[in-house]
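The block underneath contains the structure these notes are about, expressed in structure tokens.
The values are calculated or read from the model by the stated rules, or taken from the named source; none is laboratory data. Keep in mind that this is a model prediction, so the values were computed, not measured. Ideal geometry is used to build each Cβ from the backbone, glycine not excepted, and the neighbour counts take in all protein chains shown. When the accessible area is computed, the model is the full protein with side chains, heavy atoms only, and any ligands, DNA or RNA have been set aside. Shrake-Rupley method; radii C 1.70, N 1.55, O 1.52, S 1.80 Å.
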Amino acid sequence: MKTKQTKMGLSLIATLAVVSVAVPNVPGGFSLLDIRSAQAQSDEKPKRSSKKVDSLRANVYEKIAKAQEKLEKGEKADAIKDLNSLLEDKINDYETAIVYQILASSVYIEEERYKEAITEYEKILKLERVPDSLQIASLNALAQLYLVDEQYENSITYMKRWMETQEAPGPTAYYFLAQAYYGMEDYANIVPNILKAIELGRARGDEPKENWYLMLRLAYFELGNFEKVRDVLEYLTVNFEKPEYWRQLAAVYSELGQEDKQFATMEVAYRQGYLDKESQLINLAQLYLYHNVPIKSAWVIEKGMKDGIIEKDGENYELLGQAYLNAQEMRKAEEPLRLAAKDEDNGDIWMRLGQVYAEQERWKEAIEPLQKAVDSDDLDKPGYAHMMIGMAYFNTGKLEDAKKTFRQAAKFEETKKAAAKWIDYTGKEQERRAQLTEYYGGGGQ
């Protein structure tokens, strides 16, 4: 009897559990440390402007410099007092903007008082006669601060305003937008921004960062576009050699019904040593069974048990026994099936163990496990077990026991006809043997 093979499907959700990107407070390419500078990002080129601005007077510069020295020495309270005193004086827009910037970057950001830092930078934008570079840097700073403060819509607004001041915004700006959209769980808007970042990065001759592809994979996954998830993972497996990408790619192939690719990917992952958890090895063993390579299924399980990865329990012994059974390795199937049957006391497993003995014509040994299978009362089609017990009795010469057992098998639809034939055959065999006994016992020639 051939036991039905089952395929243990790879859970896409479980396998892609690490799909979520760990989004830092400030994206790569932008740093709150840069806020202290009045310059725009080094990889961008601001548009030119010809507006008139105020100048920084020498006496005000000296006061600002002294306040900064105090900040560097840790005399923060005195420095803040000096800066606030300057704001009370009649200083021009440019000088005022510098004081606001120092308070924001060297005081509030240092103390992680982001809302207060935001207020100072907003003040700079309201001043008229200040250099463009300072206002552009303030837009950049506000975009970052709003992101850190989880005010994502404001973050996006200010980043877009900053990008408008640049002749050609670079890839990091679009990656920044993607992360802000991630904060809003707006996956549809993540995709075009990440794709733009990748496009611009490649145009510069820079290979896009791994984390950009992780963000793209996340967005496609959340949008349910598994074909695109597959494409991204195929790129990741080739360009960033990490075990999880191979496992995730196999799971996506399974989701898409591309079973041959799933199987091949899992096999490659195993050969490279990327499958190091019990669930992963059991999945591979099930795939080998599903693709009719049972001997390799058995090898995977045995090695996993030897390495201490696969637990030696009834369920796993059952799978090992089934693998050897399907591979027609009856002797090797005995021990795992016996251990599985003993651990789980399951009628189906007892049945398979009896089948193993029967296949080897070890009829006497087959009777006990087959009887336990019948006694379990959990067989889907117990008629077959009765039939095999009857055959075991027949082949060990217990014909009356065989006939009784075949009568039991005749009560089940699945074995009714076969049992009737065996009852008839057993009866005739009894008559034949009786005649031989009478003949030879009576002294016949």
Taking the condition modelled with pLDDT of 95 or more, in a helix (DSSP H, G or I) and open to solvent by 40 Å² or more (accessible area, probe 1.4 Å), does Tyr270 pass?
-> yes
Unique match (being without any contact (Cβ under 8 Å) to a residue 24 or more places away in the chain, outside any helix (DSSP H, G or I) and farther than 28 Å from Glu207 by Cβ) among Glu128, Glu112 | Glu112
Single residue of Ala180, Ala197 found to be closer than 18 Å to Ile118 by Cβ, buried (at least 24 other Cβ atoms within 10 Å of the Cβ) and among the aliphatic types (A, V, I, L, M) = Ala180
In the set Asn154, Asn211, Asn239, which member is farther than 30 Å from Glu112 by Cβ and either aromatic (Phe, Trp, Tyr) or surrounded by fewer than 18 Cβ atoms within 10 Å (Cβ to Cβ) (or both)?
-> Asn239
Is it true that some residue in the stretch 391-399 is more than 20 Å from Tyr357 (Cβ to Cβ), assigned to a helix (DSSP H, G or I) and open to solvent by 50 Å² or more (accessible area, probe 1.4 Å)?
-> no
Which members of the stretch 306-358 meet the condition of being out of contact with any Leu (no Cβ under 9 Å at 6 or more places or on another chain), of a type in the set (S, T, N, Q) and open to solvent by less than 30 Å² (accessible area, probe 1.4 Å)?
-> Asn316
Could you please find all residues in the stretch 72-99 being of a type outside the set (Val, Ile, Thr), open to solvent by 40 Å² or more (accessible area, probe 1.4 Å) and either in contact with a Lys or Arg (Cβ under 8 Å, 6 or more places away or on another chain) or closer than 22 Å to Arg57 by Cβ (or both)?
-> Lys76, Asp78, Lys81, Asp82, Asn84, Ser85, Leu87, Glu88, Asp89, Lys90, Asp93, Tyr94
Residue within the stretch 255-263 that is in contact (Cβ under 8 Å) with a residue 60 or more places away in the chain, open to solvent by less than 60 Å² (accessible area, probe 1.4 Å), among the aromatic types (Phe, Trp, Tyr) and under 30 Å from Tyr288 (Cβ atoms) present | no
Could you please find all residues in the stretch 224-236 being assigned to a helix (DSSP H, G or I) and open to solvent by 20 Å² or more (accessible area, probe 1.4 Å)?
-> Phe226, Glu227, Lys228, Arg230, Asp231, Glu234, Tyr235
Looking at Lys428, Lys411, which is the one that is part of a loop (DSSP other than H, G, I, E, B), farther than 22 Å from Arg362 by Cα, without any contact (Cβ under 8 Å) to a residue 60 or more places away in the chain and open to solvent by 70 Å² or more (accessible area, probe 1.4 Å)?
-> Lys411
Residue list for the stretch 100-142, filter: among the small types (Gly, Ala, Ser), open to solvent by 30 Å² or more (accessible area, probe 1.4 Å) and closer than 20 Å to Gln166 by Cα | Ser133
Can you tell me which of Ile136, Ile190 is under 30 Å from Gln248 (Cβ atoms) and either at pLDDT below 95 or assigned to a helix (DSSP H, G or I) (or both)?
-> Ile190
Could you tell me whether the stretch 239-260 includes any residue that is part of a helix (DSSP H, G or I), farther than 30 Å from Ala327 by Cα, polar (S, T, N, Q) and under 15 Å from the mean Cα position of the chain (by Cα)?
-> no
Restricting attention to the stretch 283-299, report how many residues are over 16 Å from Glu259 (Cα atoms) and open to solvent by 10 Å² or more (accessible area, probe 1.4 Å).
-> 4
Those residues of the stretch 359-388 which are without any contact (Cβ under 8 Å) to a residue 24 or more places away in the chain and open to solvent by less than 30 Å² (accessible area, probe 1.4 Å), in sequence order | Leu370
Residues of the stretch 38-71 that turn out to be open to solvent by 100 Å² or more (accessible area, probe 1.4 Å), modelled with pLDDT of 75 or more and either of a type in the set (A, V, I, L, M) or under 51 Å from the mean Cα position of the chain (by Cα) (or both), as a count | 0
